[in-house]
């Protein structure tokens with residue numbers, strides 16, 4: 001095959017491409033994945049309104065100093081219940097409500113107590129609190145008990161019976177708790193409605209009574225809905241490290257929801273052998289584990305100096321009313337021996353994007369793969385023109 005030199009026009013175009021790839025190797029002019037600095041265009045407040053979004057990016061290199069705050073091996077301190085909660089647990093009392101079934105016993109007066117018998121439970125033979133908050137008892141009649149503690153009801157019945165019984169000995173218990181409920185839903189083994197009883201119920205108690213966490217439970221995002229307010233609680237530290245300061249006392253009407261972790265994914269992109277999304281592990285996922293799940297970085301195409309973790313930290317509006325996207329970019333230089341040691345200690349979070357940058361030669365090859373067909377086509381056109 002005879003060698004034929006390219007015309008000056010084609011050589012100039014190739015030289016221009018070489019200058020571009022040398023001077024702008026990090027810009028989006030190069031085909032393929034790159035770290036672009038161009039702000040995105042987003043919808044405004046109305047469907048037909050667009051605005052240019054500002055981006056507030058915080059850059060953090062992954063090094064020994066950073067790992068002292070973010071390390072996977074940083075074990076939270078085990079903590080007991082806070083003082084206020086200890087006092088609340090000790091002072092807890094149950095207030096009887098509508099629907100509860102009471103067993104009222106007057107000692108040495110069995111005629112006042114309906115025996116349960118072998119075919120009737122205590123709940124079936126007890127005294128149910130009616131819709132108006134009252135309960136009926138012989139010689140007492142309908143007496144209001146809703147909202148009272150068992151001790152207060154006991155004293156009230158005793159005072160009423162003194163008119164017919166000398167020094168009555170009264171005992172009051174709840175045979176069936178029906179008035180107050182806590183709802184446990186989501187990724188637990190047995191979602192159910194739990195009765196609030198005379199024993200205080202904590203968040204841990206409710207989850208355990210519902211069979212414990214399911215395999216797909218996202219225990220970092222447990223929600224507690226109360227009186228129209230939603231609180232997010234991470235119970236990972238509680239279950240894994242014994243940090244009891246995360247526990248809460250539940251009350252009537254609380255809804256505890258344990259979401260599934262299907263959405264807790266990490267996205268590994270760029271110059272890895274198998275770009276993909278992976279589910280976060282319950283014990284956490286390190287940067288090294290994320291890269292390994294993608295079959296590692298591609299040794300032929302990747303730039304070990306450019307491994308990035310992109311973390312979205314929210315959207316806000318600045319003083320001028322413009323949208324501002326806030327993000328944190330963690331940068332790991334894995335070209336050094338300590339790089340992957342740092343990667344093994346750096347914890348990823350759900351929805352993180354791990355991006356491995358291409359090596360300069362990879363960007364050059366991709367540029368040529370796009371540029372050379374244009375040069376060849378131009379050369380062929382020149383040949384046709386010369387032939388004519």
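Structural remarks
- Dimensionless Rg ratio for the stretch 283-363, taking C-alpha atoms and the 2.2 N^0.38 Å reference: 1.29
- For the stretch 112-239: span of alpha carbons on each principal axis (Å, largest first): 61, 35, 25
- Annotation: for a label point projected 7 angstrom from Cα along Cα→Cβ of residue 279, residues of the stretch 330-363 with backbone N closer than 20 Å are 348-354.
- At R0 = 56 Å, FRET efficiency that the Cβ-Cβ distance of residue 64 and residue 144 yields, to 0.05: 0.25
- Placing R0 at 41 angstrom, the Cβ-Cβ distance between residue 89 and residue 300 gives a FRET efficiency of 0.10 after rounding to 0.05.
- Counting every C-alpha pair in the stretch 101-176, the share spaced more than 13 angstrom apart comes to 65%.
- Residue order, fewest to most surrounding Cβ atoms within 10 angstrom, among 107, 244, 219: 107, 244, 219
- Here 89, 213, 348 are placed in order of increasing Cβ neighbour count within 10 Å, fewest first, which gives 89, 213, 348.
- The stretch 193-217-the stretch 157-175 distance, computed between alpha-carbon centres (Å): 35
- Stokes-Einstein, applied to the Kirkwood radius of the stretch 168-265 over Cα pairs at a viscosity of 1.002 mPa s and 20 °C, places its translational diffusion at 150 µm² s⁻¹.
- Per-residue Cβ neighbour rank within 10 angstrom, fewest leading, 171, 344, 352: 171, 344, 352
- Extension reserve of the residue 240-residue 255 stretch, reckoned as 0.36 nm per residue once the Cα distance is removed: 3.1 nm
We did not get these values from a lab; they are worked out from the coordinates using the rules stated. Predicted, not measured: the structure shown is a model, and the values here were computed from it. Glycine also receives a Cβ, built like all others from the backbone with ideal geometry; neighbour counts cover every protein chain displayed.
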